[in-house]
Amino acid sequence: MTNPTKPAASGQVSRQLAEVEEFIDVKPSELKQRRHLIDLDDLSVTEITELLNSAEGMLGIASRGMRKTPALRGKTIITMFFENSTRTRVSFEQAGKVLGADVINVTASASSVSKGESLLNTVKTLQAMQIDALVVRHPDSGAPYFISNHTEAAVVNAGDGMHAHPTQSLLDLFTVRNHVGDIEGKKIAIVGDILYSRVARSDIIAFQKMGAHVTVACPNTLLPNEWQLGSVLDKSTGFGDLKIASSVDEAIDSADVVMPLRIQQERQDAGHLPSFREYSDRWGVNETRMALANDGALLMHPGPMNEGVEISSDVAHGNQSVIQEQVKNGVAVRMAVLYALCAPRKSTSPDNNQES
Ligand code: CP
């Protein structure tokens, strides 16, 4: 006797998939050739745009209350975090689960890494379990590149050392695009730890690629040695036309987006900053400084924030702040990334996603 529930279940899956496909751009694309997402510098404007368009669809799926889809059913995603995280780790987990994947979280402290296992052996061990994607955060710049050479899984960089945080930049682009439409020509002011911040590096690249004018501001001690306050970088630096303001006021003046970055405790311990109070006075983003920006300018922060240091509480929670929106958009953007890398090998047919 046939199981009367089976056809109904398949029909439901098909309907859900049809809804997913309705929202997601499934046309042949440059993204179909991509195996990993490790940095933004080799991503084309077309690929970035496709990811942002796909994220729009993913946001649509989430906002229609379709909490789980079968799009990545049967896929296994491992999040491997060698550094603490709230936003990135949870949003990757949520993104994978909404798409129907099995998501397994590995933290360094609870894994055999704490017993001295090497990164290579950890990756080989996970690879042996037939995984489809490895989402990695690591304190060493370049660790995701290394991993991508030793696994057949798609590797997604969830932040590596001082190097890159590509999904943060994609969600920042997505958030700005949702407010201003075309990012081209907009002035983006990034204030804070430019020397050590992977978000700063990835955001500068991302916003410049999309045609924005990026200005950074920070104390001399948090600027790369070869960069000068009050200068504009040339193309040979890889950050062509990046403006380095002499003061935070200069950076924020007429900006469309203002983004303070987290000042890390260790910067003060290392002598980069005399005190947090002085940093807050000279470089902190507050109401007075936000008044210099364009009307309706967006206030962003990648998080986690040190309220009262790089950002005042009133602006962090004020009506120009889109910080919570960034967090919400992080799920949609990471859904788009996981779908682009893990969906049944680049077929545009929903049939390939169906139950067998
Ligand atoms: N922005 C960001 O990477 O935050 P988490 O460290 O909480 O993931």
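Residues in the stretch 267-294 that are within 23 Å of G185 (Cα to Cα) and either outside any loop (DSSP other than H, G, I, E, B) or of a type in the set (A, V, I, L, M) (or both): V285, R289, M290, A291, L292, A293. None of S118, S91, S85, S109 is touching a Gly at 6+ places or on another chain (Cβ under 7 Å) and either in the same structural domain as A55 (by TED's automatic domain parsing) or of a type outside the set (S, T, N, Q) (or both) except S91. Condition first: away from the ligand (no atom under 16 Å from the Cβ), under 18 Å from the mean Cα position of the chain (by Cα), modelled with pLDDT of 90 or more and within 24 Å of D160 (Cα to Cα). Can you find one or more residues in the stretch 55-71 that meet it? Scanning the stretch 55-71, I find at least one residue that is away from the ligand (no atom under 16 Å from the Cβ), under 18 Å from the mean Cα position of the chain (by Cα), modelled with pLDDT of 90 or more and within 24 Å of D160 (Cα to Cα), so the answer is yes. Count of the stretch 76-122 residues, restricted to those that are without any contact (Cβ under 8 Å) to a residue 40 or more places away in the chain and within 16 Å of the ligand (Cβ to nearest atom), is 9.
Look at the stretch 303-324 and say how many of its residues are without any contact (Cβ under 8 Å) to a residue 24 or more places away in the chain and outside any loop (DSSP other than H, G, I, E, B).
Going through the stretch 303-324 one residue at a time, the tally reaches 5.
Here is the figure for the stretch 56-115: residues that are in a loop (DSSP other than H, G, I, E, B) and of a type in the set (S, T, Y) total 4.
Filtering the stretch 168-217 to residues that are surrounded by 23 or more Cβ atoms within 10 Å (Cβ to Cβ) and at positive phi leaves only G192.
Once the stretch 161-199 is narrowed to residues that are more than 19 Å from L37 (Cα to Cα) and of a type in the set (G, A, S), the residue that is farthest from the ligand (Cβ to nearest atom) is G185. Taken over the stretch 72-89, the criterion of being under 17 Å from A336 (Cβ atoms) and either surrounded by fewer than 23 Cβ atoms within 10 Å (Cβ to Cβ) or at pLDDT 95 or above (or both) is satisfied by K75, I77, T79, R87, T88. For the stretch 292-302, a residue qualifies if it is in contact (Cβ under 8 Å) with a residue 60 or more places away in the chain and within 14 Å of the ligand (Cβ to nearest atom), and the qualifying residues are M300, P302.
For the stretch 150-266, the strands (runs of 3 or more DSSP E) that sit wholly inside it and include 3 or more residues that are assigned by TED's automatic domain parsing to the domain that holds L299 are 187-191, 213-217, 257-260.
When F23 is tested against (1) closer than 25 Å to R201 by Cα; (2) modelled with pLDDT under 80, exactly one condition is not met: (1).
The values are calculated or read from the model by the stated rules, or taken from the named source; none is laboratory data. Predicted model only: the values in this text are computed from it and were never measured. Note that each Cβ is placed from the backbone with ideal geometry, even for glycine, and that neighbours are counted across all protein chains shown.
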